[in-house]
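Taken together, the values in this text are just the output of simple stated rules run on the coordinates, not laboratory data. Computed from a prediction, not measured in an experiment: that's the story for all the values here. Backbone-built Cβ (ideal geometry, glycine too); neighbour counts: all protein chains shown.
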Amino acid sequence: MSLEPEAASSYIDLKLLEAQLSRKIAGPLHIEKISPVAGGDISKAFKVQCKLKPFFFKLHRQSMYPMLQSEARNLEALAKTKTLRIPLPIAHGLIGTHCYLLLEFLDLHRCGPGAALGSQLARLHQHTENYCGWFEDNWIGTTSQPNTKCTDWVSFWRHRRLAHQLSLAKDNGAPHTLLEHGEHLLCDMDGLFANYSPESSLLHGDLWSGNFAFDAKARPVVYDPACYYGDRETDLAMTELFGGFSQEFYSAYMEALPLDEGYRIRKDFYNLYHVLNHFNLFGGSYARQAEQTCLKVLSELR
């Protein structure tokens, strides 16, 4: 649930926040101004202006503190690769009935060199492991994302991704036909991997057009990750789910890391996870979209 678009002082004691942040960064921090930032669907966001520089401040209800802590760890993991630019996490904590995450503030722009984003994403995907999953469970939006490590990618996707979302969809009142088609896909999905065994790449995990931008120096920036190790096609598939990225992005990525020809079919299969998640978060027409996606993939398997 998103917080209402009101001033930060409607939620927290700013003097208490100032004192807590000063302790966490081991130096005096004086908040001169804190103003709402538009665009967040999950957390309330603010620009915190201090004497020397601004910060980006995410605020949520206290129960979501583990989600913000996990986000900070995901950002740190991406930063260590020295590939894509990310807003560096600075501090997080609890304050009153809320939790927060303080990040580096970046002056972001929607337009920039798509080719740089594509080539840098390819570099990120070249960071690999010998397992699928992550060192902890995390979140995709506010939905739990199980990440127990596994050496079998097909099993990982079947149980920790698709079956998990279908189970949640059942609890959320999904149509019987959607659940039935989903069960058929769980049984038949092995056919998508008959001649394909992907490496486990470090993934952003939630790479849609709302989670990337460019900084003041036109460097690609990504944020709001849901990291794990798995098939890099899942990141590429999601870039196509809500409108797609630029052609320069795809050309640069493919030049660095060409995709298997089976990606044409698997991208719909992988995006089913995100469509189901949108149904579980928002309901509505996403149920129909998920059912249509199931039928499209099943028709390719027959």
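Some points to look at:
- Descending semi-axes in whole angstrom, ellipsoid equivalent of the range 73-221, from the Cα gyration tensor: 31, 22, 16
- Charge dipole magnitude, Cβ of K and R +1, D and E -1 - the range 239-302, Cα centre, debye nearest 20: 300
- Check: the chain dipole with +1 on Lys, Arg Cβ and -1 on Asp, Glu Cβ, in debye: 980
- Using bins of 20 Å that start at zero, the share of Cα-Cα pairs per bin across the chain amounts to 32, 56, 12, 0, in whole %.
- Listed residues PHE242, ASN211, HIS125: farthest to the positive end of the dipole of the chain (Cβ charges): ASN211
- Positive minus negative residues near VAL48 (Lys, Arg vs Asp, Glu; Cβ under 15 Å): +3
- Tensor-based shape of the range 175-302 (alpha-carbon gyration tensor, a/c under 1.5 rounded, otherwise prolate or oblate): oblate
- Per-residue 3J(HN,Hα) values for the range 201-215, derived from phi via the Karplus relation 6.51 cos²θ - 1.76 cosθ + 1.60 with θ = phi - 60°, read 9, 6, 10, 5, x, 8, 8, 10, 5, x, 10, 9, 7, 10, 7 Hz in sequence order (x marks Gly and Pro).
- Here's the list of lysines a cross-link from LYS267 could span, going by alpha-carbon distance under 25 Å and ignoring same-chain residues fewer than 8 apart: LYS149, LYS170, LYS296.
- Coupling constants for the range 138-154 follow from the phi torsions by the Karplus curve (6.51 cos²θ - 1.76 cosθ + 1.60, θ = phi - 60°), and in residue order they are 9, 10, 10, x, 10, 8, 4, 10, x, 10, 3, 4, 8, 9, 10, 4, 4 Hz; glycine and proline get x.
- Whole-number Å³ per residue for the convex hull built on Cα positions in the range 8-104: 104
- Only the Cβ atoms of Lys and Arg (+1) and of Asp and Glu (-1) were treated as charged; on that basis the dipole of the range 179-265 about its Cα centre amounts to roughly 460 debye.
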